[in-house]
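Trainee: Provided herewith is a single structure, encoded as structure tokens, for subsequent inquiry.
Each reported figure results from applying straightforward, stated rules to the coordinates on display, with no laboratory input. Keep in mind the model is a prediction, meaning the values are calculated, not measured. Cβ: placed from backbone, ideal geometry, glycine included. Neighbour counts: every protein chain shown.
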């Protein structure tokens, strides 16, 4: 089964890619830079900076190929602060960049995938990696991030409602605090105690746990959960 996975070079994306490959998937992965740490011949990498619309456009060709992905996993995202006290210009620059990467590019990829699947009669699957912040909000300096992830959840539900009769399913996964490079960078700024407060387990979620859920969804084993949001946050947000 062929899959397009954004943000495949590290963290949750890398864990997803590795598990899919072990289970016989063919993976097209993307990140901002070319990477050479995959030796599996079932993996292809595309360097694509999602903050640049002209680079996002190249991914449209993936869904015009002879054999197109049956699974789309939107995992790439940015998490940049913009305090309410900064200038309007700086604040909006942050919002525009965050929305471009976390939501606008995601929307386009979903649109291209859905149209290609409908045209070819493929029962495709979309898995969007959102965030706990998309449901409960975040601190004010990360309002743009929370808003973009909330938009991703609404997008997923809209696709599920609109194209289920075409055999197309869509799901959202909302991580909380995950043991990744990005999280470790945050620990250096805020401290581990601050970032892990409210967790009801004695450990931070490993990226491999998210990969396990993605595999189930990608294999089509939870078809009737289409439109659902799966929360994996150590109990720190219970909707």
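Trainee: Suppose R0 equals 22 Å; then what is the FRET efficiency for residue 34 and residue 10 from their Cβ-Cβ distance, rounded to the nearest 0.05? Let's see the in-between values first.
Mentor: Values: r = 14 Å, r/R0 = 0.63.
After rounding to 0.05, the efficiency reads 0.95.
Trainee: If we count other beta carbons within 10 Å of each Cβ, what is the order of 112, 95, fewest first? Don't jump to the answer; show the numbers that get you there.
Mentor: Values: 112 20, 95 16.
The fewest-first ordering by Cβ neighbours comes to 95, 112.
Trainee: Ok, one more. Looking at the chain as a GNM with Cα springs under 10 Å, which of 121, 150, 134 has the largest mean-square fluctuation?
Mentor: Its mean-square fluctuation being the largest, the pick is 121.
Trainee: Build a GNM of the chain with springs between Cα atoms under 10 Å: which of 85, 51, 144 gets the top mean-square fluctuation?
Mentor: Per the Cα network of the chain with a 10 Å cutoff, 85 tops the list.
Trainee: Would you mind computing, in nm to one decimal, how far apart the modelled labels at residue 225 and residue 108 are, each placed 7 Å from Cα along Cα→Cβ?
Mentor: Reported label-point gap for residue 225 and residue 108 is 3.1 nm.
Trainee: Work out, step by step, the length gained on full extension between residue 85 and residue 199: first 0.36 nm times the residue separation, then minus their alpha carbon distance; give nm to one decimal. All intermediate terms of the calculation are to be shown ahead of the outcome.
Mentor: Numbers: separation 114, 0.36 × 114 = 41.04 nm, distance 2.99 nm.
Additional length available on full extension: 38.1 nm.
Trainee: For segment 2-231, just the Cα atoms, rotate onto the principal axes and tell me the three extents in Å, largest first.
Mentor: The Cα atoms of segment 2-231 stretch 50, 40, 37 Å along their principal axes.
Trainee: Give the separation of the Cα centroids, segment 55-115 to segment 199-223, in Å.
Mentor: 23
Trainee: I would also like to ask the following. Helix-only estimate, please: 222 nm mean residue ellipticity of the chain, summing -39500 (n - 2.57) across DSSP H runs of length 4 or more and dividing by its residues, to the nearest 500.
Mentor: Values: 9 runs with 96 residues, N = 239.
Calculated from helices alone, the mean residue ellipticity at 222 nm is -12000 deg cm²/dmol.
Trainee: Taking the Cα atoms only, what angle lies between the long axis of helix 181-190 and the longest principal axis of the chain, rounded to 10 degrees?
Mentor: 10
Trainee: Please compute the length gained on full extension between residue 42 and residue 96, using 0.36 nm multiplied by the number of residues separating them and subtracting their Cα-Cα distance.
Mentor: On the way: separation 54, 0.36 × 54 = 19.44 nm, distance 3.49 nm.
Length gained between residue 42 and residue 96: 15.9 nm.
Trainee: For the chain, find the longest principal axis of its Cα atoms and tell me its angle to the long axis of helix 11-22, 0 to 90°, nearest 10.
Mentor: For 11-22 against the chain, the angle is about 30 degrees.
Trainee: Please give the helix 88-99 orientation as an angle from the longest Cα principal axis of the chain, in degrees from 0 to 90, rounded to the nearest 10.
Mentor: Tilt of helix 88-99: around 40 degrees.
Trainee: If you build a Gaussian network model of the chain, linking Cα atoms that sit under 10 Å apart, which residue out of 12, 204, 159 swings the most?
Mentor: Ranking 12, 204, 159 by mean-square fluctuation puts 204 first.
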